[in-house]
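These notes concern the structure reproduced below.
The values are calculated or read from the model by the stated rules, or taken from the named source; none is laboratory data. Note that the structure is predicted; figures quoted are calculated from it, not measured. Quick reminder, even Gly has a Cβ in these numbers, built from the backbone with ideal geometry, and neighbours come from all protein chains shown. Note: accessible area is taken over every heavy atom of the protein model, side chains too, but ligands, DNA and RNA are not part of it. Shrake-Rupley method; radii C 1.70, N 1.55, O 1.52, S 1.80 Å.
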Amino acid sequence: MEPQLPGSIGTSTSLAIRWGQALFSVASLLFMCVGVQFYAYTSFCFLVTIKGLTIPWSLTLAMVDAYFLFVKRPSHQLQIVLVIVIGDWILSFLPLAAACSTASVSDLMVIEAGSYFCGGKMCSRYRLSAAMACLSWSLSLASALFNLWLLPSLYSNY
């Protein structure tokens, strides 16, 4: 019998986590891009780039989870889980860096420069984008930890 850890690949919890990652990433991207000139600041461009990588990763793994739920047999092959763990760890540290840099730049713009660099509405959108990126990161970290927790049991069966 294969181990069934809630949150690992092929479970309904993993599907919910992946959908949450995608939704928070899309929200972060929309708050940053729609009607705002984000390209003037490097940290904002970094956030947009990372979210452009995170959204397809999360949606692809959500489809994989949905498939495994549909066939009612989660695949716990060592190579697949290892690729997912590595991808999750990479895509959990990069969004954290992007969210933190976006939050620090937007706070700097508000506190130090006042309304010179951005009006109240634009800075609040930058902050909302950073908050959505942090929420997406927390779900990404949870997924990485769940799949990392599953990995040693797969090595012992291999």
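Listing for the model above:
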read-out: Sulfur and carbon atoms: percent of accessible area, segment 12-157 [1.4 Å]; value: 75
read-out: The chain - mean residue ellipticity at 222 nm from DSSP helices (-39,500 (n - 2.57) per run, n ≥ 4, rounded to 500); value: -28500 deg cm²/dmol
read-out: Nearest-ten-degree value, helix 78-111 long axis tilted from longest Cα axis of the chain; value: 20
read-out: Size of electric dipole in the chain: Cβ of Lys, Arg +1 and of Asp, Glu -1, about Cα centre, debye, nearest 20; value: 280
read-out: Sites matching trypsin sites (Lys or Arg not before Pro) across segment 67-158 that sit in DSSP coil, with at most 11 neighbouring C-beta atoms within 10 Å; value: Lys72
read-out: Tilt relative to the chain, helix 120-157 - C-alpha long axis, 0 to 90 degrees, to 10; value: 20
read-out: Of (1) 21.7, 62; (2) 16.4, 65; (3) 17.9, 62, the label for Rg and Dmax of the Cα atoms in Å derived from the coordinates; value: (3)
read-out: Helix 12-33 vs. the chain, principal-axis angle (Cα, 0 to 90°, nearest 10); value: 20
